[in-house]
Amino acid sequence: MVFIQTTPQCHYLSYIGKNLAYVLFLIVLVQSKIQAQVQNINTGNNYATIQSAIDDAATLNGHTITVSAGSYSENIIVNKSVAILGPNANINPCNGIRVAEARIYSASSSVSSAEIFHVAASNVTIQGFTIDGDNTSLTSGFLGTNGADLDAAEGVTVYESGVNNLKVSNNVFQNLSYFGVTLYDFPAAVPSSGHLIENNKFINLGTYDLNSGVAYWGGGILLYNNQYASVIHNCMENVRIGIQTGNFHLSNPGAVSFQNISDNSIEARRRGIFHNLFYNTASPYNIENNTIVGIDHPDELVWDGILIASQTINSTIKNNHIDGGAITGKPTEGIEVWNVNILSPAIINGGSIKGVATGIYVNNFDGYSSDAPDGAYCEIGGISINGILTGIRVTDSPLSSHAGVFAHIKNDCEIEGNPSSITGIIINGTNASALIMDNDASIHGFQIGIDVDGAYADINNNHIYNNGIGIRFSNLGFGNVVGNNFNDAIDNGTDLLIDLTGGMVNASGNNWFAGDNFGVNNLSQNIINAESNFWDHNSGPSSLAAGSGVMVSSKVLYCPWLNGPPPFGVEENAVASFTFSENGGPVQLANIINNGLVEPAEEIFIDICNGGTYQWNNITSNATHVQIVQVSSNGNIAGLSQSPPPTE
């Protein structure tokens, strides 16, 4: 007998069938979940793509679309007022710990034109994604600076007219050729406002491949054609340009808070912030508390932290910190001012600049390698500049049409050199000028503290010490030097030098000269007025003079001097005594008879030979004034002639 055991087998097959159905159910469920990573939380509808969620007729303005972690290859058009939130919507990539990312790539490879998010509606939010221009399933052949293959130009764009209130935050933008975020009203430049670009990270942007059609861009954020935004708390690493503005000519239709670029950190290969082209009725931007660090790159020939260009509207550049110390072998500037109108000077206040060749460069050509028809005008106050070759340069370029260039340098600027530093402040060129005043924080540590080269400068109430030369005038450079303190623990070699080519200089009033070699050294043919100054000793200057203070050269008027430091010193005059005798020397008096008398109306000039120089002093004779030019050891009169009356 053969026993066929059927029941257990049937039970087994029944078990397998039931479990297989369950497994198939699980597979379908998992596949459903994978495909349903996008959800409209207002309707509960699930989608496989972000675009399908937007396009669904059930998705209305004001809805929120959530996107789960994963990879999405899409070129998305956002034409509804929706919020699109990734898994890191509330996590700042600059300082937070992120969860798994929703990564958005371009579905097609177009290095010069592809946009990953194209925004065509107001009141859109894009938040919490990684937006990546390198789709590893595509190959463009155009490489970024980190070796990534670039398939897209931009991450989030507005190339529409009248779009307002875009919010882009807590995203990572990487491997894009043009800009991470572009707001560009097209084609009509209709002003828009309410845009917030906040807490985003921009990294590895741009290409130097000339065949790409988009080489030498790679910026973080572009605001163009009257797009008013608050750009705050973003971080940028390895970008070519951090933030750029352009073509603002109509006023902001929104709140003033959307005229703001502040608290961003930028590591840039070419330029941190390019603030460009504000005119007509544009509303001014505030650029404040940004940190900008230079990155050395062999394909870049120059570097600057901030360029302020083509402005007829006041801009405020406040408390920014710029460091170009990592860049070598090329020209570098902290802040450059070019083509800024006299009626709307750029306001640069506070902050610091270090590690560049020139701290601030105000010019009418070099800033944009072209002529600046409006010249360049700015106010600079309270800034710290150190570790540089030249602190501030104000230049009328020989290549320009010579529109005026001017800087008002004030309010305790600290300009500090080192052993390789050349000039604290240089003003050069016929139409360049400067007002340098109230910088008690000091200008020190340079070969020349202030150099006026063929230009004009008023230099008042500054602390200038520990320079080879405190102030130099050359090439017909001229101006005023009043109320400056040249004294400190380490003095200048020479406080004030007027070289052979120097122009007219007035140095009369409340300067404290203390130079180790000279207080004032005049090598020109002009007579320099240096009256009413303190010469580091109560007896006045030494050398040609009879005092014990710092030395003075010839062709310098210094009487009266101060017998103590300003403002407490009191004016003193040199006193000379002599006996006038008609027959006591080779006396020549014009228009009088040699009768041995000095008539009351006569102004006389007396030479007494010992090398000292004194100025107009009252004497106890009938003459009104005497000018004593030289004093000899024996006091004999060497010559007497009529002179014009002094100006007192």
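Filtering 326, 282 for residues that are crowded, with 18+ Cβ neighbours inside 10 Å and among the small types (Gly, Ala, Ser) leaves a single hit, 282.
Of the listed requirements (1) in a strand (DSSP E or B); (2) under 23 Å from residue 160 (Cβ atoms), residue 103 misses just one: (2). Applying the condition of being more than 19 Å from the chain's Cα centre (by Cα) and of a type in the set (A, V, I, L, M, F, W, C) to the range 223-234 and asking which residue is nearest to residue 260 (Cα to Cα) yields 229.
For residue 396, state whether it is in contact with a strand residue (DSSP E or B) (Cβ under 6 Å, 6 or more places away or on another chain) and open to solvent by 40 Å² or more (accessible area, probe 1.4 Å). Considered against the rule, which asks whether it is in contact with a strand residue (DSSP E or B) (Cβ under 6 Å, 6 or more places away or on another chain) and open to solvent by 40 Å² or more (accessible area, probe 1.4 Å), residue 396 comes out as no.
Quick check: is even one residue across the range 160-174 of a type in the set (D, E, K, R) and over 20 Å from residue 87 (Cβ atoms)? If you could, list the steps in order and put the result at the bottom.
Initial filter on the range 160-174 (of a type in the set (D, E, K, R)): 160, 167.
From what is left, the residues that are over 20 Å from residue 87 (Cβ atoms) are 160.
Checking the range 160-174: at least one residue is of a type in the set (D, E, K, R) and over 20 Å from residue 87 (Cβ atoms).
The residues of the range 455-509 that are buried (at least 20 other Cβ atoms within 10 Å of the Cβ) and small (Gly, Ala, Ser), listed by number, are 455, 457, 470, 474, 477, 479, 502, 507.
Does the range 512-525 hold any residues that are closer than 14 Å to residue 556 by Cα, open to solvent by less than 30 Å² (accessible area, probe 1.4 Å) and part of a loop (DSSP other than H, G, I, E, B), and which are they?
Across the range 512-525, the qualifying residues are 513, 524.
Scanning the range 254-269 for residues that are free of Cβ contacts under 8 Å to residues at least 60 places away in the same chain and aliphatic (A, V, I, L, M) turns up 256, 261, 266, 268. For the range 259-279, a residue qualifies if it is surrounded by 19 or more Cβ atoms within 10 Å (Cβ to Cβ) and of a type in the set (D, E, K, R), and the qualifying residues are 267, 269, 270, 271. For beta carbons closer than 7 Å, sequence separation of 6+ or different chains, a first residue in the range 290-307 that is hydroxyl-bearing (Ser, Thr, Tyr) and a second that is open to solvent by 10 Å² or more (accessible area, probe 1.4 Å), the qualifying pairs are 291/265; 291/321. Condition first: open to solvent by less than 10 Å² (accessible area, probe 1.4 Å) and of a type in the set (Asp, Glu). Now tell me which residues in the range 444-454 satisfy that. Selection gives 451 alone. Residues in the range 74-104 that are under 15 Å from residue 173 (Cα atoms) and small (Gly, Ala, Ser): 86, 89, 102. Restricting the range 215-247 to residues that are open to solvent by 10 Å² or more (accessible area, probe 1.4 Å), part of a loop (DSSP other than H, G, I, E, B) and not polar (S, T, N, Q) leaves a set whose member that is nearest to residue 85 (Cα to Cα) is 233. Checking each residue in the range 424-443 for being more than 20 Å from residue 399 (Cβ to Cβ) and either part of a loop (DSSP other than H, G, I, E, B) or open to solvent by 20 Å² or more (accessible area, probe 1.4 Å) (or both) picks out 435, 437, 438, 439, 440, 441, 442.
The values are calculated or read from the model by the stated rules, or taken from the named source; none is laboratory data. Just so we're clear, the structure is a prediction, and the values are computed from it rather than from any experiment. Quick reminder, even Gly has a Cβ in these numbers, built from the backbone with ideal geometry, and neighbours come from all protein chains shown. Note: accessible area is taken over every heavy atom of the protein model, side chains too, but ligands, DNA and RNA are not part of it. Shrake-Rupley method; radii C 1.70, N 1.55, O 1.52, S 1.80 Å.
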